[in-house]
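The values are calculated or read from the model by the stated rules, or taken from the named source; none is laboratory data. Here the structure is a predicted model, which means the values were calculated and not measured. Cβ placement follows ideal geometry from the backbone for every residue including glycine, while neighbour counts extend to all protein chains displayed.
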Amino acid sequence: MYLHLNSFTIFPYRKKKNVLRGGLDADICSSERYQPWPIKFYTNISTNCIFLKSVCNEEGQVVYGEGNRNTDTTCRCDYTSGYNFLVKPRHICFCVPSEEDCSCYLKTCPDSSFKLAPDYECIQLRINTSMSQCRPVVNGSVNSNEHQSIIQYVPRENNISASVTWKTFAGISTLFCSIGMLIFVCITKYYHKVYFMDQQSNVELPIVFLKNNVIITKASHIKEKRVGRSMILQIDHVTVKDNGEYCLNIACIKSNPTQLTVKPLFKRSLENVSILEGSKTIFECQTEEENSPIEWFKEGDRVTNNIQNVKTETLPGHIYRLTISQTRLSDCGKYKIKKNGVDSEATLEVKALFKRSLENVSILEGSETIFECQTEEESSPVEWFKEGDKVTNNIQNVKMETLPGHIYRLTISQTRLSDCGKYKIKKDGVNSKATLEVKALFKRPLENIKSVEGSDAIFECETEKENSDVEWFKDDVKMTYNTEKLETEQGYIYKLTIKHACVQDSGIYRIEKNCIRSEAVLQVKEKENSDVEWFKDDVKMTYNTEKLETEQGYIYKLTIKHAGVQDSGTYRIEKNCIRSEAVLQVKALFKRPLENIKSLEGSDAIFECVTEKENSDVEWFKDDVKMTYNTEKLETEQGYIYKLTIKHAGVQDSGTYRIEKNCIRSEAVLQVKALFKRPLENIKSVEGSDAIFECVTEKENSDVEWFKDDVKMTYNTEKLETEQGYIYKLTIKHAGVQDSGTYRIEKNCIRSEAVLQVKDQWFNNKPSLTPFMKPTLDLKTIKMIDVLLSKFFLHTFVENKGCRKCNFCKNMSLYKCYDCKYFLCKDCSRKHNDENKYQSHLMQLISDSFILNCKFSVEDDIHGERLISDIKCLPNGEIVLVVKSNQVITFSVSGKQRHVIQLEEHSSVMDVVDKNTVAVLLEKKRNVNYSVAIVDIQQIHVQYIRDIAVKCCLGSFIYVENQLYVSDLFGITVINMSGDVNRRFDLSFTPYDMCYDVNSQRIYCIHSDNSELVCIGRDGNNIFTFVDPNLKNLGGLDIDNEGNVFVLCKNADDDFGCVIKVDSDGKSSDVVITNIQLSEFYQDSCICFQLLTNSVVIGTYQTVYIYKKKENV
């Protein structure tokens, strides 16, 4: 701005003022009126300004600015009471009522936690910390002391006689001064310069510019100039500091003062910040509406967005922000923002997060290391790092903990050399670092030794002077001998001496001190070739190994044929105590193995498995007996599916089933629940009574059929349903002797049998007089006498209170004839045994514990003679015979033939495998070893184990847990179900016959040469030997339910024999059956015990005898 001074009067009259009259005169508007520029105002028109100022008195309105002589009052809505502009004004903060609609309405925020901000936005006071562009309302009006409204001033006429104070702000410079002369005012925008001009040029007087009555000193931004007759004061980059009264002093005469007011460019300046290290720092300021660029500086250096943790941004409303994320100590200093040459400064003070930082540690190996630091009270989590890698509590010897007072500790127990490095703790992005230096405990560690067998080996090491004890180990086993300790100036020397070292001394030796170890290997070379040993999972192996010698050394091989999953494991070879290990992993051949099945008797049971696509054949086994029927194979994308179907499965089908492929097996168990919960029971009845057979089955709705002696019956049957199942009844009313027989019920091909014995109304033992009558007596007379004798016999039996007497004399009876049912005394028995008439009758002492109950012949019209080789009883009571016509035959307890199974070779002996299967030893062929036939009675199927590894056999063998024990002259050979030898044990005697007790796991043998019963264990060890005078000509033996041994013997002078019972401990014996009629071929006689009925079954030549135990014995 330029100021011109004309007609300057230096010496005015005293107490007078200069007044210019006759021209235009002007004055300022009153406070309630205004008149905008450039409307001209003449004194001869009106004495008031044209416009009356607006009043902000509508609902919700408050005064924003009072206005001035050329601007109207501005209004705003009272946001403190919830009011907002109904129509958005041109300026966000205020509205001019004379130019726009300033109506207000009540604005509603989401809830009570929100309030209106000065910018009329709903904010949540506890969360939102944003800066408002509009200034706040104070006591219902705008606070005008902090910020001045923007006013545009107009130039004044040159005839103004009164001094006026003018205002300016950075970027718009306007100045007016008056000293009673002609004035020229220039408005300069955006040049930041102010000019004072003097047009007095004729008088040379001392001229100075004053500011606040102080001479203005020269400065870089203040310049004084004389241009022609004008004096110019130029102020560059006007700032608030330039505020004041300016005047021109000419020869001690001052002009009227002119007030220079510079409005701050920064409506809101930067503020000093004091913050905790690691936190976020925000510098923020707001300027007037001026769009020139800004710059940020720190300590005079320009700040840009390229700095990693610094971000500068410009927000709406001319708000400028500088954000420092994760503030560091190095960020301390003075920050400045510059706009249009105007600065705003603030200081950043960063308080260290770590009150006590980590410190470097130097420690001896094996000691405990502790890193510790303390931070300000700030609860954010911390992280520990070593060489940039995160440290966790999962590391074995490292422990991290937080102590009260924001103390953080990292403890390394038994520090090792590997723990050396740089450690760092990080919290809120702020780090504290320290270095760990670990000094080696072992100044000189152990060294490997190679030695020759017989030489001394000495291990030696040296440690720092640390007084803890040391321990020596060999292959992780502690050693306590031949150690030595020496002390030197530098430390301790430890020695371990191994004198005359041998190959087994080879290994890894270790010394430990403070849990710090030093290791070395001792290799002792053998003098001569030594053997190697193979191990699987630390178990020694002795098979399938091979050794090859080459120029380079020896090659050792271990071959595992047909490897299975069970062969997976760690294999090791050792030589001279030196080992080498490797792991074998075998992938399962069976992708889906067999699964156990639980089924109801009579239902179909299906085993199914899936294997990899491998084309070798498979084999099925039941309880180690091969099966060849009802199998199926299906091919899929995943592999092969194999099925085994057991139709109408019975209880006897229960067992372990196995499939084998490439010698790999999968097993499963079939459990068949009995269909008959309560089977039929044998019935003894008297002629004329009702006989009722009754059984209970599971709830299975199929039909049943009844049979008598294999003939179907269709009458007198009944079915009842209960919660437990179905009850089936068969009633035989007024049963007669002809109703006796075997009765059977069948359901789903499952059967249950029982025997009905009907006695006549008198005694079965009533005497028959026919043998003693003369042939001349007629039949009527004989019957009458027979009835009289029967009545006499009944009277005699009752009179003697049950003690039987001889049927032909008054003597007490000793014998009973099985064929005619007589009870005979000794004398009468001799007569009865007249060979000419009764040579086929069987006589037995009535004192025997077992009485002959039944006998039957195995000869028939089709096959003719059948010579019995061996006899056994199945668990269901059926009798199985091996006859010399290459057949296996089964009979019911009543002698009814059931099955005939043909074998390929002559058979000698057999044993029971399970409920439905027997194993038969076949005689040896020329140039071919013995074979074994596995016979499934139910399925009528035979599977052969050919050419078993036995070359000599006495014709005796037993089945024990999937193994066959075969006897010979010198002992017993044990073979598996594939015919291979598992083991053998020699005996001091020749076992001519054998039987096995499952409960005691003992084997009983007949030593025929010495007539002894010998008991041995499964390993061949002798348990006891029993000798009895009655034990002569021993023929066979078997075990009863109580573990007693029944031995069949033959008299020396005739063809009769007896059965002797020996208790399980071999301490006592008893003759339980006498007067057994054996064949002249005594070797063809055999014995077995029927566990179901407690009966002794004897087979001799072509006849089977069944002796049943007395009920009172």
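For residues that are surrounded by fewer than 17 Cβ atoms within 10 Å (Cβ to Cβ) and at pLDDT below 90, tally how many sit in the stretch 318-327.
2
Has the stretch 385-398 got at least one residue that is assigned to a strand (DSSP E or B), aromatic (Phe, Trp, Tyr) and in contact with a Cys (Cβ under 9 Å, 6 or more places away or on another chain)?
No, the conditions are met nowhere in the stretch 385-398.
Which residue out of Cys109, Cys75, Cys56 is in contact (Cβ under 8 Å) with a residue 12 or more places away in the chain, outside the structural domain of Pro316 (by TED's automatic domain parsing), outside any loop (DSSP other than H, G, I, E, B) and not charged (D, E, K, R)?
Among Cys109, Cys75, Cys56, only Cys75 is in contact (Cβ under 8 Å) with a residue 12 or more places away in the chain, outside the structural domain of Pro316 (by TED's automatic domain parsing), outside any loop (DSSP other than H, G, I, E, B) and not charged (D, E, K, R).
Counting only residues that are of a type outside the set (A, V, I, L, M, F, W, C) and not in a strand (DSSP E or B), how many does the stretch 425-452 have?
Residues in the stretch 425-452 being of a type outside the set (A, V, I, L, M, F, W, C) and not in a strand (DSSP E or B): 5 in total.
Could you tell me which of the residues Tyr571, Tyr543, Tyr556 is more than 30 Å from Ala440 (Cα to Cα), assigned to a loop (DSSP other than H, G, I, E, B) and not assigned by TED's automatic domain parsing to the domain that holds Asp456?
Tyr543
Look at Lys422 and say whether it is loosely packed, with under 15 Cβ neighbours inside 10 Å, more than 35 Å from the chain's Cα centre (by Cα), assigned to a strand (DSSP E or B) and not assigned by TED's automatic domain parsing to the domain that holds Glu277.
In short, yes.
Just the residues that are closer than 23 Å to Gly650 by Cα and acidic (Asp, Glu), please, taken from the stretch 724-763.
Of everything in the stretch 724-763, those that are closer than 23 Å to Gly650 by Cα and acidic (Asp, Glu) turn out to be Glu746, Glu753.
Filter the stretch 832-867 down to the residues that are touching a helix residue (DSSP H, G or I) at 6+ places or on another chain (Cβ under 9 Å) and not hydroxyl-bearing (Ser, Thr, Tyr), then identify the one that is modelled with the lowest pLDDT.
Looking at residues that are touching a helix residue (DSSP H, G or I) at 6+ places or on another chain (Cβ under 9 Å) and not hydroxyl-bearing (Ser, Thr, Tyr), I get Lys837.
Mind counting the residues in the stretch 590-644 that are touching a residue at least 40 places away in the same chain (Cβ under 8 Å) and of a type in the set (Asp, Glu)?
Of the residues in that region, 8 qualify.
I'm told Cys75 meets every condition in (1) surrounded by fewer than 14 Cβ atoms within 10 Å (Cβ to Cβ); (2) of a type outside the set (S, T, N, Q); (3) at pLDDT 80 or above except one. Can you identify the failing condition by its number?
Checking Cys75 against (1) surrounded by fewer than 14 Cβ atoms within 10 Å (Cβ to Cβ); (2) of a type outside the set (S, T, N, Q); (3) at pLDDT 80 or above, the one that fails is (1).
Yes/no matrix, rows are residues, columns are (1) touching a Leu at 6+ places or on another chain (Cβ under 7 Å); (2) surrounded by fewer than 14 Cβ atoms within 10 Å (Cβ to Cβ); (3) more than 14 Å from Ser956 (Cβ to Cβ); (4) modelled with pLDDT under 90:
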{"site": "Tyr996", "(1), (2), (3), (4)": "no, no, no, no"}
{"site": "Ile1006", "(1), (2), (3), (4)": "yes, no, no, no"}
{"site": "Asp1019", "(1), (2), (3), (4)": "no, yes, yes, yes"}
{"site": "Pro1029", "(1), (2), (3), (4)": "no, yes, yes, yes"}
{"site": "Asn1033", "(1), (2), (3), (4)": "no, no, yes, yes"}
{"site": "Asp1040", "(1), (2), (3), (4)": "no, no, yes, no"}
{"site": "Val1045", "(1), (2), (3), (4)": "yes, no, yes, no"}
{"site": "Asp1054", "(1), (2), (3), (4)": "no, yes, yes, yes"}
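Is one or more of the residues making up the stretch 923-933 modelled with pLDDT of 90 or more, in the same structural domain as Tyr1004 (by TED's automatic domain parsing) and within 47 Å of the chain's Cα centre (by Cα)?
no
With the requirement that a residue be in contact with a Leu (Cβ under 9 Å, 6 or more places away or on another chain) and part of a helix (DSSP H, G or I), what does the stretch 559-568 give you?
Hits for the stretch 559-568 are Val565, Asp567.
Considering only the stretch 975-994, state which residues are small (Gly, Ala, Ser) and surrounded by 17 or more Cβ atoms within 10 Å (Cβ to Cβ).
Listed by number, the list holds a single entry, Gly979.
Only residues that are in contact with a Lys or Arg (Cβ under 8 Å, 6 or more places away or on another chain) and either modelled with pLDDT of 90 or more or among the hydrophobic types (A, V, I, L, M, F, W, C) (or both): list them for the stretch 477-491, please.
Selection gives Leu486 alone.
Quickly run through the stretch 275-314 and pick out the residues that are of a type in the set (Asp, Glu) and either in contact (Cβ under 8 Å) with a residue 40 or more places away in the chain or assigned to a loop (DSSP other than H, G, I, E, B) (or both).
Across the stretch 275-314, the qualifying residues are Glu277, Glu284, Glu288, Glu289, Glu290, Glu295, Glu299.
Go through (1) touching a residue at least 60 places away in the same chain (Cβ under 8 Å); (2) part of a strand (DSSP E or B); (3) not aromatic (Phe, Trp, Tyr) one by one and return the number of the condition Lys338 breaks.
(1)
Is it true that Glu383 is farther than 30 Å from Arg90 by Cβ, surrounded by 13 or more Cβ atoms within 10 Å (Cβ to Cβ) and of a type in the set (D, E, K, R)?
yes
Looking only at the stretch 963-976, which residues are in a loop (DSSP other than H, G, I, E, B) and farther than 20 Å from Glu923 by Cβ?
Phe970
Would you be able to say whether some residue in the stretch 946-956 is in contact (Cβ under 8 Å) with a residue 60 or more places away in the chain and within 30 Å of Asp653 (Cβ to Cβ)?
no
Evaluate the following for Asn514: is it crowded, with 18+ Cβ neighbours inside 10 Å, of a type in the set (S, T, N, Q) and at pLDDT below 85?
yes
Given the criterion aliphatic (A, V, I, L, M), outside the structural domain of Ile975 (by TED's automatic domain parsing) and surrounded by fewer than 17 Cβ atoms within 10 Å (Cβ to Cβ), identify the matching residue among Leu634, Leu600, Leu594.
Selected residue: Leu634, the only one of Leu634, Leu600, Leu594 that is aliphatic (A, V, I, L, M), outside the structural domain of Ile975 (by TED's automatic domain parsing) and surrounded by fewer than 17 Cβ atoms within 10 Å (Cβ to Cβ).
So in the stretch 439-454, with the set limited to residues that are at pLDDT below 90 and surrounded by 14 or more Cβ atoms within 10 Å (Cβ to Cβ), which one is nearest to Arg328 (Cα to Cα)?
The extreme case among them is Lys439.
Please go through the stretch 1044-1056 and pick out each residue that is under 15 Å from Val1072 (Cβ atoms) and touching a residue at least 24 places away in the same chain (Cβ under 8 Å).
Answer for the stretch 1044-1056, where residues must be under 15 Å from Val1072 (Cβ atoms) and touching a residue at least 24 places away in the same chain (Cβ under 8 Å): Val1045, Phe1046, Val1047, Leu1048.
Please state which of the following conditions Asp617 fails to meet, knowing it meets all the rest: (1) within 27 Å of Glu637 (Cβ to Cβ); (2) surrounded by 13 or more Cβ atoms within 10 Å (Cβ to Cβ).
Tallying (1) within 27 Å of Glu637 (Cβ to Cβ); (2) surrounded by 13 or more Cβ atoms within 10 Å (Cβ to Cβ), Asp617 fails exactly one: (2).
Can you find a residue in the stretch 604-624 that is under 36 Å from the mean Cα position of the chain (by Cα) and within 24 Å of Val696 (Cα to Cα)?
Yes, some residue in the stretch 604-624 is under 36 Å from the mean Cα position of the chain (by Cα) and within 24 Å of Val696 (Cα to Cα).
So, Glu526, is that one surrounded by 11 or more Cβ atoms within 10 Å (Cβ to Cβ) and either of a type in the set (Val, Ile, Thr) or at pLDDT 85 or above (or both) or not?
No.
Pick out the one residue from Glu271, Glu284, Glu224, Glu277 that is touching a strand residue (DSSP E or B) at 6+ places or on another chain (Cβ under 9 Å), within 30 Å of Gly429 (Cα to Cα) and either polar (S, T, N, Q) or surrounded by fewer than 17 Cβ atoms within 10 Å (Cβ to Cβ) (or both).
Just one listed residue meets the conditions, Glu271.
Tell me the residue from Val920, Val942, Val900, Val882 that is more than 46 Å from the chain's Cα centre (by Cα), within 19 Å of Ile1098 (Cβ to Cβ) and either basic (Lys, Arg) or assigned to a strand (DSSP E or B) (or both), please.
Only one candidate passes the filter, namely Val882.
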